[in-house]
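Colleague: My structure is below; once you've seen it, I'll send some questions.
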Amino acid sequence: MEKQCTRCLEFKTLDQFYRRSASKDKFQAQCKPCKNAINRESYAANPAKKLTQNLSWRAKNPESYAKCNRGIGLLGDDATRLFAAIAYLKEYSA
C-alpha cells in the first residue's frame, strides 16, 4: 500500500512513514525524510522551545528517561561500547 507525502508529494510505501496512532490511517502525513527535515527546521528556528519541551517530557517521564540514561551510563558513556552493543543486538536479537 502506498501513501502520498503532504510535503514532497511523492507516493511512497508505508514503511517510509512514521506511525502516528492519532491519525486515521495510523501514519504521519509526511514521509520519514520530510518529517526529519521538519524537525530539524523546527529545532533550528527555536532551540530554546525544544529544550523546554524535552525538559518537560523528562519531568513527566522520569522512569523512561532514567532507563535510557542508565543504559548509556552502564556503557561508560563510550560510543564504541554503544555501537558494539547495537551490533550485538542486531546479530542476536530475534
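The values are calculated or read from the model by the stated rules, or taken from the named source; none is laboratory data. Note that the structure is predicted; figures quoted are calculated from it, not measured. Every residue, glycine as well, gets a Cβ built from its backbone with ideal geometry; the counts of neighbours run over all protein chains shown.
Colleague: Considering only the range 31-54, I want to know if a residue exists there that is surrounded by 10 or more Cβ atoms within 10 Å (Cβ to Cβ), over 30 Å from Cys5 (Cβ atoms) and modelled with pLDDT of 85 or more.
Modeller: no
Colleague: Look through the range 56-94, keep the residues that are of a type in the set (Gly, Ala, Ser) and not in a helix (DSSP H, G or I), and return whichever of them is surrounded by the most Cβ atoms within 10 Å (Cβ to Cβ).
Modeller: So the residue we want is Gly76.
Colleague: Out of Lys32, Lys26, Lys50, report the one residue that is among the charged types (D, E, K, R) and within 28 Å of Ala85 (Cα to Cα).
Modeller: Details: Lys26 fails: within 28 Å of Ala85 (Cα to Cα); Lys50 fails: within 28 Å of Ala85 (Cα to Cα).
The match here is Lys32.
Colleague: When you check Asp25 against the structure, is it in a loop (DSSP other than H, G, I, E, B), of a type in the set (D, E, K, R), on the phi > 0 side of the Ramachandran plot and surrounded by 10 or more Cβ atoms within 10 Å (Cβ to Cβ), yes or no? Reasoning before the result, please.
Modeller: On the way: in a loop (DSSP other than H, G, I, E, B): yes; of a type in the set (D, E, K, R): yes; on the phi > 0 side of the Ramachandran plot: no; surrounded by 10 or more Cβ atoms within 10 Å (Cβ to Cβ): yes.
When the stated conditions are applied, Asp25 does not pass them.
Colleague: Given Lys26, Lys50, which one is without any contact (Cβ under 8 Å) to a residue 12 or more places away in the chain and assigned by TED's automatic domain parsing to the domain that holds Glu10?
Modeller: Details: Lys50 fails: assigned by TED's automatic domain parsing to the domain that holds Glu10.
Selected residue: Lys26, the only one of Lys26, Lys50 that is without any contact (Cβ under 8 Å) to a residue 12 or more places away in the chain and assigned by TED's automatic domain parsing to the domain that holds Glu10.
Colleague: Among the residues of the range 2-23, how many are within 17 Å of the chain's Cα centre (by Cα) and in contact (Cβ under 8 Å) with a residue 12 or more places away in the chain? Before you say what the answer is, go through the steps one by one.
Modeller: Here is the first cut: in the range 2-23, the residues within 17 Å of the chain's Cα centre (by Cα) are 14-22.
Now drop any that are not in contact (Cβ under 8 Å) with a residue 12 or more places away in the chain, which leaves 14, 16-18.
Qualifying residue count, the range 2-23: 4.
Colleague: Go through the range 1-21 and count every residue that is assigned to a loop (DSSP other than H, G, I, E, B), modelled with pLDDT of 95 or more, surrounded by fewer than 12 Cβ atoms within 10 Å (Cβ to Cβ) and among the hydrophobic types (A, V, I, L, M, F, W, C).
Modeller: Adding up the residues that qualify gives 1.
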